[in-house]
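To keep things clear, I will list the structure first and then write my remarks on it.
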Amino acid sequence: MPFHVNPLSPASAEITGLDCSRPLSSGDLAALRAALVAHPVVCVRGQKLDARRQGDFARQLGPLEPQDRSAYSHPDDSDILILSNDRRPDGSQIGIVDAGDFWHSDSSHIAEPCRYTMLYAVKNPSKGGDTHYIDMRAVYDALPAALKRRIEGREAIHHISKTLNPRVAVSAERAGAAEYYKAREKDRAPVAQPMARTQPESGRPALYVSPRFTIGIAGMDDAEAQPLLDEIFRFMFSNPAWRYTHKWRDGDLVIWDNACLVHMAGGGYEYPDVRRMHRATVAGDKPFFRAA
Ligand code: OGA
Ligand code: MN
């Protein structure tokens with residue numbers, strides 16, 4: 001029997017009646033890809049996935065992005081990254097504790113950012129731990145004409161280092177984070193990305209900048225670029241209709257399309273109230289903009 005796709009908001013849907021622990025039929029895979037085009041956030045309910053099965057499921061959507069942070073990859077499948085505030089008895093972190101703490105699209109700071117991210121809720125905290133999304137296709141469509149003209153054909157500069165970006169702060173919860181980002185200032189090159197990005201399957205344009213990773217605009221002085229970025233970010237937060245907040249249930253596997261969304265971890269829980277997510281990222285191509 002085919003699975004059910006039940007819209008939750010304009011950008012999101014839940015899927016029931018799909019078992020991700022077994023290989024998908026070609027029909028189910030095509031239907032899942034179609035669901036992701038219609039709803040860039042898809043939550044598959046009621047899954048039971050160990051790290052290996054999650055990795056196997058994710059690889060059906062494409063090759064996985066190599067992990068940047070192998071210290072936190074899962075011992076059973078090194079393509080699975082652990083996000084958690086849990087600690088070992090010696091106090092050390094078992095996973096990344098501050099992942100996604102500012103609005104972003106995943107790995108936009110590399111030339112070929114991952115396309116899909118897949119998070120599986122292994123353990124939800126008793127409160128908080130939501131994930132927030134903004135549909136950047138809707139934001140692009142609503143951009144005032146004057147603002148649209150100012151970004152047309154432009155590229156923005158993205159960088160992984162938080163210490164280069166006054167719009168974000170380094171989490172005090174992660175030991176060594178400031179040193180980590182200081183080192184990245186020098187060993188990672190800035191990457192230029194189109195400020196609007198076409199979702200290849202639908203041809204729909206989406207705004208493609210974020211407070212977390214966008215630190216400037218190519219060929220534009222900061223005196224002009226920073227106020228323009230501030231104006232764009234203010235606009236993108238201005239309409240709650242463009243947002244979706246995912247409140248995690250046990251067994252949720254959420255898949256999202258980084259080509260047309262930004263997202264952020266909402267926080268709001270504290271150790272020893274543990275949150276543990278397993279993450280896989282499907283590799284992507286170079287972002288492009290094609291006029292409709
Ligand atoms: C991510 C991310 C948000 C969250 O995994 O890329 O931003 O709520 N996660 O954990
Ligand atoms: Mn993220």
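Couple of notes before you dig in:
- Kirkwood hydrodynamic radius computed over the chain comes to 19.6 Å, based on all pairs of distinct alpha carbons.
- With a Cα cut-off of under 28 Å and a minimum spacing of 8 residues unless on different chains, the lysine pairs in the range 4-282 number 11.
- Just so you know, the Rg over Rh for the range 129-183 is 1.12, from Cα atoms, with Rh as the Kirkwood radius.
- Per the Debye calculation on the range 82-190 with a single equal scatterer at every Cα and no solvent contribution, log₁₀ I(q)/I(0) for q = 0.12, 0.13, 0.19 Å⁻¹ amounts to -0.59, -0.69, -1.27.
- Rounded Å value of the spacing that divides the Cα centres of the range 230-285 and the range 11-29: 20 Å
- At 0.692 mPa s and 37 °C, Stokes D of the range 1-148 from Kirkwood alpha-carbon radius, µm² per second: 188 µm²/s
- Taking trypsin sites (Lys or Arg not before Pro) across the range 188-292, the ones in a DSSP loop with at most 13 further Cβ atoms lying within 10 angstrom of their Cβ are Lys247, Arg249, Arg290.
- Here the residues Asp68, Asp101, Asp130, ranked from fewest to most Cβ neighbours within 10 Å of their Cβ, fall in the order Asp68, Asp130, Asp101.
- Exposure proxy for His159, His263, His132: other Cβ atoms within 10 Å of each Cβ, ordered fewest to most, give His132, His159, His263.
- Listed by Cβ neighbour count within 10 Å, with the fewest neighbours leading, Phe288, Phe235, Phe57 appear as Phe288, Phe235, Phe57.
- Restricting the trypsin sites (Lys or Arg not before Pro) of the range 90-167 to loop positions (DSSP other than H, G, I, E, B) with no more than 13 neighbouring Cβ atoms within 10 Å leaves Lys127.
None of the figures in this text is laboratory data; all of them are computed from the coordinates on show. Note that the structure is a prediction, hence the values are computed from the model and not measured. Cβ sites come from the backbone with ideal geometry, for glycine too, and all protein chains shown count toward neighbours.
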